[in-house]
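Report on the structure given below.
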Amino acid sequence: MKLLLNLVRKDFKRNKVITTALAVFLVLSALMMAGGLRVTGAMISSVKGLNEMAVSPEYIQMHKGAFDKEALDHFVEIHDYIKDSLTVKMLDVRNANFIYQGETLEKCLMDNGFVVQNNGFDFLLNMNNEIDVVQDGEIGVPVFYAQELGIKAGDVIIVHEGDYRKELKVSTIIRDSSMNSALASSKRFLISQSDMAEISSYMGEWEYCFEFLLKDGASTSVLAKDYMDAGMPSNGVGITGSILRLMNTFSYGLVAFIIIAISLLLIIISVLCLSYIIRATMSEEHAAIGAMKAIGFPEKTIEKLYQIKYSILLLAAAVIGYSAAIPFGDFFSSSVIRYCGSGSGEWMKWVFPFIGIILLSLIVLLECRRIIRRNLKSTVVELMREEEQIKKQGHYSLPSRGLKYRNLTIAIGELKCRWKEYVVIFLVFVFSSFLMLLPLNMKSTVENPSFITYMGVGQSDIRIDIQYTDNLTKQKDAVTSYLENDSEIEKAAIYKNGYVQSQNGLGEWEYIRVENGDESVFPLEYLEGSAPVGSKEMALSYLNASELGKKVGDSITVKYQGADLIFTVSGIYQDITYGGKTAKAAIDFDENDVEVYIVYLNVKDGVSIAKKTDELRTVLTVGKITPVNEFVAQTLSGIMDDMSLVEGTAIVIALLLIILITVMFLQLVTAKEHSAIAIKKVIGFSNRDIRIQFGIRILVIQFMGIVVGTIFANSLGGVIFGLMLSSMGASKITMLVDPLTAYLLCPAAQLLVVFITVIVGTKVVEKYHIRDQIME
Amino acid sequence: MIKVEQISKSFNNLEILNNVSFEIKRGDFVGVMGPSGSGKSTLLYSISQMDSVSGGRILFEGRNLSEMPEVELSEFRLTKMGFVFQNAQMLKNLSIFNNIILPGLIAKKETVHIIRERASKLMKRMEIEGLEERDVREVSGGQLQRASICRAMINNPEILFLDEPTGALNSAATDQVLAILEDLNHEGMTIMTVTHEPRVAAKAKKVLYIQDGQIAACKEFLTVTDHERELDKWLMELTH
Ligand SMILES: Nc1ncnc2c1ncn2[C@@H]1O[C@H](COP(=O)(O)OP(=O)(O)OP(=O)(O)O)[C@@H](O)[C@H]1O
Ligand SMILES: [Mg+2]
């Protein structure tokens, strides 16, 4: 054993660079693996903890307007699968009524409302996950705003309407198990009972949420159906708890998912590199192994020697990876913990990574053993005469017109003959450019103005929402007439939005949001079919179409005001707003049933969208006015924040990876081509020539890797992004690439890094001497 | 042509060459002998500047090689020097023929046509025609050694350096190589060869005997014919 350890130590010393590179690879994969699992563990614990403490509802039905309370109570009474129910009264207040630090909340997309603390379940929690209590004059602010606007305890929020002003002191930041995530479009502020009474007499509009908890084993779809059949109040959307959870998981889980995906790829790369290194060092050490065998070293001992070597490396990598994963994982789980707290299952973030690391070690060790065994099978004689073992590699020919660019010709020729040796490094280059580009491309896709088409509307500049007012129609008319007279506006169109009911594939009645307006003003690109024309056609969002099981040309029956309306499906479009379930049809909603009027408008060339927005905000105080690009950004803000985080990490990892692989590869390949280098020197190539040749070989491979990686990032990336967004309602995303970063800066950065690495890594060439060849 | 002035060379503070001076004239055939480890190869590498020297000067046609930048040196090696080593080394991804013409193509002094012609002529002369497209590993040691002489000659160098050119060859192959060297020297080629075989050194006009990093003795032969016996006697005296 002592002898073995001694041999291992010598081996480490001899192959310093390779060993270090290998170690870094292993550490990186261990880190990513453990880090990803730590984030997963923290996230599961966190989300679970919040749901448990807050007792989140399993079914929520929104409703606006009056309702029969007794009938609702009766409904709850006769359905014994309902464990508990709750009517939450929410006072919807326009964003312009809120003032924080001198500014209204108009720039925020969320719908805001006041609630008091619930009784029984659906509690709003403070940052210690305790049921929060606010005193008079105090307000609890959703963690979303703490995050987005930096609101903190002690700040003052003013609500005002006309001459009425009320100052509320922020007492706590609150966690809301149902409306926490950026993907949920409403946010609840917590105030005291008496403040609620006071404020509601000056502003706002009541909205009710009927919330239910079910007994074990009962399904929400049964409840939804019974509820609808009983004709319970339902002027609004019904949401199941699972959708809420999905939304949460999606916005928090994305990072964990991406990190784990990266770590899996990294592990594959590590194993590839490992097997490459083992093979390379083995072939270098064939003679040594042969000698060991010849002097009677048993095979088992030789195998052990290598296994000890890799086990030591692996153990070190595991320890470092696991420890480094603690700050790494905590950094990436900080957002979910801020939103949801640490939860009760904190053991998960310690145990998950541990199991992951053990699995990783097993995979690597087994792979090592397999490769070593295979190599040891060769006989002593074969090992000693390794030269003859190497198969003929094939020749390249010299151009008959002479060597105009000698280094280029030689480098390409050698590449042609030895391309097999470059497969691993090529894959790493593909992977790293993919890794770098994917988040970049996602970001540029979302930031591109045409991304709005995935939100079910054609490209436009500004969006105005008119809602929460007793006199919606009057307000709408005021807005339209103002816009008509504004000479800086190129075109505008108004859309009426309301709800109708439709039966899904399971026969359950569901509310779908229908938009009615002139679809030709801001034309939308349809996945299939086209925009509805006339009063008999309806276009469905992708998610709606698949849920209702409808194709273009099918007929669809919807219920509105008790009557059946029959439409033909004219087209299917992508939409990630409103849970992805929307439709477009000319349904003449009753004034009272209009949920919201939305105006889209384009400003004329040369008019600043930001200025116009500000101007409209001062004039049209009733509407919520948002520049469309901000609308997109805010809808996806949760994802994009995470994406920026991931983007930075991805760039660092990708660059680190290519530096490592280049160093390692150069080390191996120069050692392997020792004799070729020496010969080249003898026949008159300078050190510089030889280094240039290595550079060309690697950069050519890298260039191809980048091209392939870029293609992947655009095509496969679109698929991945589509998958990520499919739960929200998009199905086919075309990556909108920013050519400057994607095709110029990114490749340039990678090539530059490798270029520098090659300069440093080929310095060793100068030491190679024909003498060492002859002495062998 | 080459003037070596007081060169010294040490590895890890160990003096291998110690103030060695001598001169090679155009058309010379210099043999270098000496015990193993005495610094023969090191001397050869130092003269061609594949090893840097720790002291002294090497003047090649009046130019000081030890102060020449590396790129220029490699150009020098390419066009003015030819090298042959014990284990003939060639690039494995090129055919024999391409290995031979490669230095010619890099030098770009002459047209591809002329280089190819010369390569064919050289191969014919070395009696290895027909092996042009073979892989380096598909020919015998003697054939490969003759092919490397072809490669060394492709740019019409001014001097040919050889280090144990027959070390890995059997007697018949050694004879072939020796005959070629003799011929080349007759035609005016300057040759310097390191060897431990008196049979090889006997072809030289001048033999340097290296010991302890210095030229222990030097012998010039006046007649050009067989002086193997004469050399043997000299060596006997030296080693006892
Ligand atoms: N790279 C090196 N580092 C350290 N010492 C070296 C190196 N190369 C050669 N030596 C030493 O220099 C001395 C001379 O070596 P050299 O190869 O010149 O001997 P030689 O006369 O050619 O021997 P041989 O007849 O065995 O080829 C030897 O003692 C050798 O150990
Ligand atoms: Mg020697």
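Values quoted throughout were computed directly from the atomic coordinates according to the rules given, and no laboratory measurement underlies them. No experiment lies behind these values; they were computed from the predicted model shown. Quick reminder, even Gly has a Cβ in these numbers, built from the backbone with ideal geometry, and neighbours come from all protein chains shown.
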Open item on the list: Along the charge dipole of chain A, pointing to its positive end and built from +1/-1 on Cβ of Lys, Arg, Asp and Glu, which listed residue (A:731, A:350, A:571) has its Cα farthest out?
Closed with: A:350
- [ ] Have a look at the DSSP beta bridges in chain B and tell me what percent are antiparallel, nearest 5.
- [x] 55
- [ ] Provide Rg over Rh for the stretch A:458-548; use the alpha carbon set for both Rg and the Kirkwood Rh (inverse mean inverse pair distance).
- [x] 1.02
Open item on the list: Could you work out the relative contact order of chain B? I mean the mean sequence separation of Cα pairs under 8 Å and 6+ apart, divided by the number of residues, in percent.
Closed with: 27
TODO: Determine Rg/Rh for the stretch A:150-278; Rg is computed over alpha-carbon atoms and Rh is the Kirkwood hydrodynamic estimate from the same atoms.
DONE: 1.18
Task: Given 14 as the ceiling on other Cβ atoms within 10 Å, longest exposed-site-free region of chain A for chymotrypsin sites (Phe, Trp or Tyr not before Pro) in DSSP loops - done: A:406-776
Task: the protein assembly as shown - share of DSSP beta bridges that are antiparallel (%, nearest 5) - done: 75
Task: Principal axes of the stretch A:468-622: Cα extent on each, largest first, Å - done: 48, 34, 26
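Explain nothing, just the number: relative contact order of chain A, from Cα pairs under 8 Å at least 6 residues apart, as a whole percent.
With pairs under 8 Å counted, the relative contact order is 17 percent.
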Open item on the list: How large is the convex hull of the C-alpha atoms of chain A per residue, in Å³?
Closed with: 209
TODO: Any chance you could tell me what percent of the C-alpha pair distances in the stretch A:584-697 go past 24 Å?
DONE: 65
Open item on the list: Please compute the Kirkwood hydrodynamic radius of chain B from all pairs of different C-alpha atoms, in Å with one decimal.
Closed with: 18.4
Open item on the list: With a cap of 10 neighbouring Cβ atoms within 10 Å, and only residues DSSP puts in a loop, list the trypsin sites (Lys or Arg not before Pro) found in the stretch A:391-451.
Closed with: A:391, A:401, A:404
Task: chain A: calculated mean residue ellipticity at 222 nm from DSSP helix runs of at least 4, using -39500 (n - 2.57) - done: -17500 deg cm²/dmol
Task: Rounded to 5, the percent of DSSP beta bridges in the stretch A:82-214 classed as antiparallel - done: 75
Task: Principal axis box of the stretch A:397-492, alpha-carbon based, largest edge first, Å - done: 84, 30, 15
Open item on the list: Give the lysines whose C-alpha is closer than 23 Å to that of residue A:166, dropping any in the same chain fewer than 8 places away, or say none.
Closed with: A:89, A:107, A:152, A:187, A:624
Task: Spatial extent of the stretch A:144-204: Rg and Dmax, with the Cα atoms as the point set, Å - done: 12.7, 35
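Give the relative contact order (percent, whole number) for the stretch A:468-622; include only Cα pairs under 8 Å separated by 6+ residues.
This gives 31 percent for the stretch A:468-622.
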Task: Binned Cα-Cα distance frequencies in the stretch B:1-140 - 10 Å width, integer % - done: 10, 32, 31, 22, 5
Task: Inter-part distance where the stretch B:170-187 and the stretch A:620-659 are each reduced to a Cα centre, Å - done: 77
Task: Alpha-carbon Debye profile of the stretch A:82-214, log10 I(q)/I(0) at 0.12 Å⁻¹ - done: -0.42
Task: Helix axis angle, A:746-761 relative to chain A longest principal axis, alpha carbon, degrees - done: 30
